Amino acid sequence: KIEYLQKIRQLTYDAQRESRNISHGLMSKQLIESGLVAATIEVCTNYNISKNINFTFKNSGYHEDLFEVEIKQNIFRIIQEITTNIVSHSQATKATIKFSVKDNEWFILEVNDNGIGIDETQIKENSKCFGLKNIQQRVALLNGIIKRNSKPNMGTKYIIKLPLVLEPINSELNLLN
């Protein structure tokens, strides 16, 4: 019985992960048609309606012509992963997504919440932290820098810096969409 329950658990986990990947893929059209700001506001609005978390969005200096569509898609995927983690794990009541531009050289994405924080030892021991690994891989492929600050019961803050001048997107990066 335990073996069957473990198999059911794994199948359920795989189905959740696959449905998340599919739902993330459906957002690409909105992103392409409306832009990164509108798509991010839509994420905040949808979570505000469906979850008990107050998501807010702030934009300071970002405009849509800073990046090509493929770069915007990867930034949006990062936002989706972080917000999914907030909703699923943080027990937060508030979260903020902020775009800014620094010195005309860096795009800064900040996402923070007031949740329970992330237990770093649990992440190191759990090989199934696909969301966090996906975020790190996307940031690396965009030649960016990621910092995550988290303290127990003090929330989590992501700071992601991406250079404004990026090399043309390569096929490896496109495969992640």
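The values are calculated or read from the model by the stated rules, or taken from the named source; none is laboratory data. All of these numbers come straight from a predicted model, not from anything done at the bench. A quick note on method: Cβ atoms are made from the backbone with ideal geometry, for glycine too, and the neighbour counts reach across all protein chains shown. Ligands, DNA and RNA are excluded from the accessible area calculation, which covers all protein heavy atoms including side chains. Shrake-Rupley method; radii C 1.70, N 1.55, O 1.52, S 1.80 Å.
Okay, here's what the table says:
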quantity: Residue list for the range 43-63, restricted to those being surrounded by 14 or more Cβ atoms within 10 Å (Cβ to Cβ) and modelled with pLDDT of 95 or more; calculated: ASN54, PHE55, PHE57, ASN59, TYR62
quantity: Which numbered condition THR121 fails, given (1) within 28 Å of TYR13 (Cα to Cα); (2) modelled with pLDDT of 95 or more; (3) exposed (fewer than 14 other Cβ atoms within 10 Å of the Cβ); (4) β-branched (Val, Ile, Thr); calculated: (2)
quantity: Matching entry among LEU109, LEU132, LEU66 (being in contact with a helix residue (DSSP H, G or I) (Cβ under 8 Å, 6 or more places away or on another chain) and either within 28 Å of GLU33 (Cβ to Cβ) or open to solvent by 30 Å² or more (accessible area, probe 1.4 Å) (or both)); calculated: LEU109
quantity: Residue match in the range 89-100 (condition: part of a helix (DSSP H, G or I) and either more than 20 Å from LYS161 (Cα to Cα) or at pLDDT 90 or above (or both)); calculated: yes
quantity: Residue that is nearest to the chain's Cα centre (by Cα) [pool: residues in the range 12-42 that are small (Gly, Ala, Ser) and modelled with pLDDT of 90 or more]; calculated: ALA39
quantity: Identity of the residue in the range 135-177, of a type in the set (S, T, N, Q) and modelled with pLDDT of 85 or more, that ends up nearest to ASP103 (Cα to Cα); calculated: ASN143
